[in-house]
Amino acid sequence: MKFELPKLPYETGALAPVISQQTIELHYGKHLQTYINNLNTLIVGTKFENADLETIVKESDGAIFNNAGQTLNHNIYFLSFSPNGGGEPSGKLAEAIKSQFGDFENFKKEFAAAAVSLFGSGWAWLAKDASGKLSILKEPNGSNPVAKGLVPLLGFDVWEHAYYLDYQNRRADHVSALWDIIDWKAVESRY
Ligand code: MN
């Protein structure tokens, strides 16, 4: 198998009550595993057989793009959390957020508004361009900022499978709770 499930740096129940153990077991253990299995099957015999994940997301379309995008999205997502997370970013990322969004509270407000207003299934992303300029994107379905030549820093999954067991239809409550488990050191390492 070319692509494999990333190892989580926390126990499956460690993010509760923000994300329950049941949701992690399904979302990480079943949904992400399925995207990875599908991708591994789909690329056999194609020009993507030996490509890295980001190259596949940049250059593919159709089912390969959907499954590669979701594999990349979730690899970033699940490695952006910590039971000791929360607080605010520091260093260069904090400076960039302040210069572009005014302050961290306003950034959170704009990011949450993007996540909550995204219609249907998709992702809200914080991304940077080659010059380090930040942007907030609303990406449908399984797309990722790398498809637009940007570097993904932080993604909130707003597919219903990410929150329905724990929050039912209350997407805004889920998005608001996620800030408490963000591992800003992991996010800063991508900037
Ligand atoms: Mn998901």
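The values are calculated or read from the model by the stated rules, or taken from the named source; none is laboratory data. What you see is a predicted model; the values in this text were computed from it and never measured. Neighbour counts run over all protein chains shown; Cβ positions are idealised from the backbone, glycine included.
Quick notes on this one:
- If the condition is being under 11 Å from Ala147 (Cα atoms) and of a type in the set (Val, Ile, Thr), then segment 43-79 contributes Thr55, Ile56, Val57.
- Condition check for Ile97 on (1) in contact with a strand residue (DSSP E or B) (Cβ under 8 Å, 6 or more places away or on another chain); (2) within 24 Å of Glu25 (Cβ to Cβ); (3) of a type in the set (A, V, I, L, M, F, W, C): one failure, at (2).
- Against the test of being in contact with a Gly (Cβ under 9 Å, 6 or more places away or on another chain) and either surrounded by 19 or more Cβ atoms within 10 Å (Cβ to Cβ) or not charged (D, E, K, R) (or both), the options Gly149, Gly142, Gly155 yield a single qualifying residue, Gly142.
- Residue list for segment 81-135, restricted to those being acidic (Asp, Glu) and in contact with a Ser or Thr (Cβ under 9 Å, 6 or more places away or on another chain): Asp129
- Residue in segment 1-25 that is surrounded by the fewest Cβ atoms within 10 Å (Cβ to Cβ), counting only those that are within 16 Å of the chain's Cα centre (by Cα) and over 13 Å from Gly85 (Cβ atoms): Lys7
- Any hit, segment 58-81, residues being more than 17 Å from Ala162 (Cβ to Cβ) and among the β-branched types (Val, Ile, Thr): yes
- Near pairs, Cβ below 9 angstrom, 6+ apart or cross-chain, from segment 68-90 (aliphatic (A, V, I, L, M) and modelled with pLDDT of 95 or more) to any residue that is within 11 Å of the ligand (Cβ to nearest atom) and assigned to a loop (DSSP other than H, G, I, E, B): Ala68/Gly142; Leu72/Gly142
- Hits in segment 35-85 - residues which are surrounded by fewer than 16 Cβ atoms within 10 Å (Cβ to Cβ) and within 16 Å of the chain's Cα centre (by Cα): Glu54
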